[in-house]
Amino acid sequence: MTAGAAAPVDLDRLLKLRLVVARFGEMDLARWWNSKGMLGRHGAVVLKRGFPATHHFAQARVVFAVARSRCEELFNPPGCMTLWNLPAEVEEAFEERWQDWLDEGERWAPLFERLAVLKDGDLIEAMSGLELLTSEQRDATLKLRRSAEGRAVPLPGTHRADDGVITLLAAGFARGEAGSPAIPYARLEG
C-alpha cells in the first residue's frame, strides 16, 4: 500500500476471501460465473499435469479472471470498489505477492483442498468455517440488502480499502441467489 492508505490490507486474507467467493460462485455451487469445479477436484486433476507445483494457483487465476469478468459485466460502477476491483495500490500489491504464494504452495494446499470439497450451502458459513468472518461482520452482512434492480449490494457510506471493508465485499455475495449474483460494492472516499 502507498502512503496515505488508512490501513494496510492483509494480502493473504484477501487471497483467501477471493478464493472462497470464487469457489462458491462456480457453476457446481452457486452458478454465478461460468467455471465448473475449476477450484474443485476436477480443476486440480486437469491443471496438475501441466503445473505440478503451482496448479492450485493456476486454478485460482482462471476462476478469478472469470469471476472478475462476470462481475464487471453485471455491475461496474465508477468511483467504487468491489472484491474483484480494488484500488490500484491494493491490486498492484496483490500481484506482487503472487510469486511469493507460488513459492509457498505447500502452505496453501490445505485451503485449496478444503475449497475443492465445498458443497452447496451458505457462503457465510463457509467463510466462518475458514475463520474469515467475525460475528460482527456476519451481523453486518445480514443487514446488507440488494439494490432495487437486484444486481448489486451497496455498503453504506464511503470507504477506503481495508480488511474490514474487503471482508464485507466478499461476504456481501451471500445476498445473491443461486444463478443470480449480486455484486457487493463500496463507494471510495475522496
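The values are calculated or read from the model by the stated rules, or taken from the named source; none is laboratory data. What you are looking at is a predicted structure, and each value in this text was computed from that prediction instead of being measured. Virtual Cβ from ideal backbone geometry, glycine too; neighbours counted across all protein chains shown.
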Tally the residues that are surrounded by 23 or more Cβ atoms within 10 Å (Cβ to Cβ), in contact (Cβ under 8 Å) with a residue 40 or more places away in the chain and over 13 Å from residue 173 (Cβ atoms), restricting the search to the range 20-42. 1
Pairs with Cβ under 7 Å, 6+ apart, first in the range 117-128 and more than 20 Å from residue 41 (Cβ to Cβ), second hydroxyl-bearing (Ser, Thr, Tyr) and at pLDDT 90 or above: 124/141
Checking the condition surrounded by 19 or more Cβ atoms within 10 Å (Cβ to Cβ) and either of a type in the set (Phe, Trp, Tyr) or within 18 Å of residue 33 (Cα to Cα) (or both), which residue from 150, 172, 121 passes? 172
So, of the residues in the range 49-73 that are more than 16 Å from the chain's Cα centre (by Cα) and surrounded by 13 or more Cβ atoms within 10 Å (Cβ to Cβ), which turns out to be farthest from residue 21 (Cα to Cα)? 51
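Would you check which residues across the range 79-122 are in contact with a strand residue (DSSP E or B) (Cβ under 9 Å, 6 or more places away or on another chain) and β-branched (Val, Ile, Thr) and list them? Can you show your working first?
First, pick out the residues of the range 79-122 that are in contact with a strand residue (DSSP E or B) (Cβ under 9 Å, 6 or more places away or on another chain): 79-85, 87, 90-91.
Hits for the range 79-122 are 82, 90.
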Please go through the range 112-151 and give me each residue that is outside any helix (DSSP H, G or I) and closer than 30 Å to residue 55 by Cβ, ordered by number. 117, 118, 119, 120, 121, 122, 130, 131, 132, 133
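Matching residues to (1) at pLDDT 95 or above; (2) over 15 Å from residue 116 (Cα atoms); (3) in a helix (DSSP H, G or I):
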site	(1), (2), (3)
3	no, yes, no
7	no, yes, no
13	yes, yes, yes
16	yes, no, yes
33	yes, yes, no
36	no, no, no
47	no, no, yes
51	no, yes, no
67	yes, yes, yes
